[in-house]
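A short worksheet on the structure shown next.
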Amino acid sequence: MFFKKFLSDPIETVKVPAAAPATLLQPVAAAESSSDEVTVVHQAPLAELEDIPPDPTDEEEDDNKKDSIDEKMVAASKEEMPPKKSSAEDSILSVIYTASKKVFIVGSIYLVGYMGWSIAWLIAPVILSVARDRWQKSTKHKRSIAKASALASEKEVILARIDELPAWVYFPDVERCEWLNKILKQLWPNANHYARSLVKQTIEPNVAESLAFYKLPGFRFDRIILGTIPPRIGGVKVYDYNVARNEIIMDLDLFYASDCDINFYLGAMKGGIKDFQIHGWIRVVMKPLIRTMPLVGGLQIFFLNNPNIDFNLVGIIDFMDMPGLSDLLRRIIVEQIGNIMVLPNKLPISLSDEVPAASLKMPEPEGILRIHVVEAKDLMKKDIGMLGKGKSDPYAIVNVGSQEFKTQIIDNNVNPKWDYWCEAVVEDTQHTVINCRLFDWDRTGDDESLGRATIEIVNVVKRGVVDTWLTLEEAKHGLLHVRLQWYKLTAEPADLQAALMETQLLRVTSMSTALLIVFIDSARHLKSARSNARPDPYLVCSVGKQKQQTAMIMRDDSPVWEQGFTFLVGNPDNDTLQIKIYDQKTGLEIGQYGYVIACLMNKENMEMVSQPFQLQKSGPDSKLIMSLALRILKKVDIVEDTDVTSEASTISQLARAASVKQSPSAQDKGSLRDIQSQSSRLSSESPLTEEEPIALKVSSDTMNLSTTPTRSPKLFNANLAGSGDSQLTHRFPDITSSAGENGLGRIQLSIHYMVQRQKLFITIHKIMNIPLRDPTNIPDPYVKLYLLPGRSKESKRKTVVVKDNCNPVYDATFEYLISMAELMQSELEVTVCTQKGFLLGGSPIIGMLKISLNETDIIENGLNSWFDLQPEQKHD
């Protein structure tokens with residue numbers, strides 16, 4: 001009866017108690033369909049891999065949370081399996097297999113009952129079958145997790161095993177690399193030979209040359225032992241996005257605190273360097289990737305920014321380890337390290353002969369950054385005078401990688417205006433920063449710091465132009481005004497004309513329009529400077545005042561340099577690349593060559609690769625192998641900043657910076673424009689005919705004046721000519737018959753603000769119809785200018801005096817270095833005076849007027865018009 005009831009009843013589901021350990025039992029499918037497919041709900045990966053049973057009370061909740069993660073891992077492994085083919089034959093075989101399986105099960109049960117065996121013969125196979133299926137499913141699940149973990153990141157793997165992480169747990173981009181430090185420890189004893197050759201061939205001659213400039217000749221290294229302490233890598237970051245397919249980029253946090261023993265001679269004095277330390281982020285670029293071993297064609301190693309370097313001097317030379325002298329030696333060593341492996345300089349290492357040297361060692365700049373250090377405000381007072389704290393003598397140093405630029409020194413001023421321009425070659429826009437440091441120049445001791453500021457170049461690249469005030473760090477107070485503009489590099493000759501027009505409009509002679517990239521490969525069959533001896537050649541290439549020099553190759557008439565350089569070119573049509581080769585022992589020139597840069601304009605892609613050039617003043621077979629490329633500077637599209645709070649915050653910062661200097665009563669009566677105008681304004685006076693004229697195009701109808709003078713209805717219209725020699729063309733009457741509504745005469749002015757240069761240009765053309773009250777006393781007129789409010793001495797400008805003339809002509813141009821925020825709050829006061837007024841005891845003022853500078857025409861196109869002179873007004 002038992003077997004009959006068992007056969008008549010349907011097969012029930014085998015259920016596992018919820019309290020069973022997860023590592024021992026797995027829930028089985030609820031029922032079997034006509035096929036043999038079974039649905040499995042897997043346990044969490046942590047329980048599978050570590051075999052640690054979870055708390056039975058939390059098992060059901062954990063299963064719900066981890067179910068989605070486990071299904072993704074199992075799905076990842078299933079995607080790799082090939083899909084099964086479905087056909088009619090497979091369907092028939094499946095039906096036969098299922099029927100046979102059921103017949104076998106039913107027959108086995110019938111046989112047990114027929115033979116009268118114990119029920120254990122039935123239970124034991126079932127238990128063994130369930131245990132076998134669970135073991136197979138557990139093994140398959142572990143393999144699926146391993147495959148998914150191999151494809152996922154460390155963060156995803158950890159989150160798949162832990163539901164919630166504490167708030168203090170985070171996953172940084174920089175990873176630990178203790179394995180690399182162990183490798184460096186093993187390799188370090190063998191690195192001493194390579195370091196010795198690098199220091200002797202590259203660093204020693206450059207340090208000797210730099211010290212000789214300071215009257216310290218005879219520098220040479222005697223012994224170089226790196227010690228037993230290897231460099232340590234604090235972390236490594238490998239980039240997996242925004243990276244070309246043929247390169248691998250990683251950054252290493254390098255720290256080297258050595259027990260080195262380095263001895264050197266400075267003339268007859270012997271000294272040494274101990275406790276040499278260096279710390280900075282170093283980048284390793286593996287490129288190009290090739291299909292043969294070692295799979296990487298070469299390495300490029302360089303610091304993103306100048307590293308921090310420190311060391312101690314020992315021996316007789318220890319007297320240099322004092323303020324001033326030690327800073328000099330430290331700065332020279334930092335410069336030499338920067339010339340080797342701080343951007344834009346790189347240390348290339350070739351790993352395969354299949355890769356040409358030019359592709360690995362030729363410079364690859366991304367663009368040019370034009371930097372305008374305009375001014376600073378409210379700097380700290382560092383100088384001490386007889387009456388207490390005096391002012392400062394500030395100057396600024398700008399660093400972009402290994403490139404350093406220094407402004408002029410402004411004496412006795414805490415609101416200096418430098419108007420300093422420079423250009424930097426940028427090879428990595430993502431991680432290179434601009435470091436601005438301000439110092440107070442001191443005649444006797446070390447220059448004192450006035451603060452520092454940092455700007456990321458990637459922000460300038462995104463916006464095109466950044467014009468901002470920076471709050472100085474490491475200083476009690478102070479602001480720095482800089483303007484940065486990004487230029488990309490193109491190989492289109494048509495872009496040169498626009499670049500030339502822009503530089504002419506700026507009227508800054510040091511600005512460039514193109515970049516020349518030079519790769520010096522090698523020379524062949526150089527002549528000997530000494531009889532029976534091969535030369536020790538090195539090469540010097542120059543463009544204008546810029547010079548670059550290769551390393552010296554000992555005793556070789558066919559040297560291989562494989563060095564790349566970049567040169568900023570003012571005008572490719574006029575500049576020439578000059579190359580000279582010297583013998584170091586004799587100092588004699590053993591070869592030279594001159595290449596006209598304009599010839600590259602006609603080449604394909606404006607470049608030449610590995611071309612031989614016949615050297616002059618050398619042997620008949622002497623040749624120079626080099627590669628050249630020319631790139632034109634092109635402005636990128638400017639992204640307008642929709643956040644207008646930047647300018648408002650700038651004005652408020654200026655107000656706060658200057659409000660300290662005002663008395664409470666002045667603060668009550670004054671306004672923001674009164675505060676801002678107290679800063680000094682540097683400018684230069686020059687006739688219009690001696691400088692490049694300003695091209696203007698205005699409509700003066702929109703000009704708002706405080707006195708509303710009458711103007712001529714016929715105004716000028718000057719357009720910017722297509723050529724570089726743009727002239728100021730007057731298309732309104734050069735003369736006027738009217739003496740103005742007050743009968744005091746009329747003055748012709750041109751006013752234009754150039755945003756790129758942060759300068760206001762004012763041209764006083766002429767005055768007409770000055771009233772002649774006494775025929776025996778003809779006036780000697782001149783014009784004075786002030787910027788209001790404030791009327792400071794620094795803002796005063798004055799023309800020459802024209803003797804005995806009622807219609808004087810000046811055509812004099814004046815400049816004011818002023819920011820946009822200050823311009824919006826300023827007025828121009830124009831006063832016409834006569835020199836004879838002082839002698840007669842009367843008022844020297846003939847007439848005056850005030851012009852508001854908060855006008856769009858002044859900024860956009862410029863303003864040129866006749867203005868009526870008003871009666872004298874008392875100063876506020």
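At-a-glance table
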read-out: Among the listed pairs 137/182; 406/580; 406/623; 391/488; 462/784; 346/635, those beyond 32 Å (Cα-Cα); value: 137/182; 406/623; 391/488; 462/784
read-out: Contour excess over end-to-end distance, with Cα ends at residue 101 and residue 261 and 0.36 nm allotted per residue; value: 49.3 nm
read-out: The stretch 180-317: relative contact order in percent, alpha carbon pairs under 8 Å with at least 6 residues between; value: 20
read-out: Separation of the residue 603 and residue 554 label points, Cα + 7 Å toward Cβ, nm; value: 3.4
read-out: Rounded FRET efficiency, nearest 0.05, which uses the C-beta distance separating residue 406 from residue 350 and R0 of 25 Å; value: 0.10
read-out: The stretch 484-552, Cα convex hull volume normalised per residue, Å³; value: 147
read-out: Distance between modelled label sites at residue 397 and residue 209, nm, 7 Å Cα→Cβ extension; value: 2.1
read-out: Within the stretch 411-471, trypsin sites (Lys or Arg not before Pro) in DSSP loop having at most 13 other beta-carbon neighbours inside 10 Å; value: 443
read-out: Zone of residue 502's modelled label, taken as backbone nitrogen in the stretch 465-481 under 18 Å from a point 7 Å along Cα→Cβ; value: 465-468
read-out: Solvent-accessible area per residue for the stretch 409-465 (1.4 angstrom probe, square angstrom); value: 40
read-out: Relative frequency of Cα-Cα separations exceeding 21 Å in the stretch 343-475, percent; value: 51
read-out: Gain upon complete extension [residue 139, residue 621; 0.36 nm per residue less C-alpha separation]; value: 166.1 nm
read-out: Carbon plus sulfur fraction of accessible area for the stretch 220-320, probe 1.4 Å, in percent; value: 57
read-out: Equivalent ellipsoid dimensions for the stretch 741-858 as semi-axes, Å, which come from the Cα gyration tensor, largest first; value: 28, 14, 12
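The values are calculated or read from the model by the stated rules, or taken from the named source; none is laboratory data. Predicted, not measured: the structure shown is a model, and the values here were computed from it. A quick note on method: Cβ atoms are made from the backbone with ideal geometry, for glycine too, and the neighbour counts reach across all protein chains shown. These area figures cover heavy atoms from the full protein model, side chains too; ligands, DNA and RNA do not enter into them. Shrake-Rupley method; radii C 1.70, N 1.55, O 1.52, S 1.80 Å.
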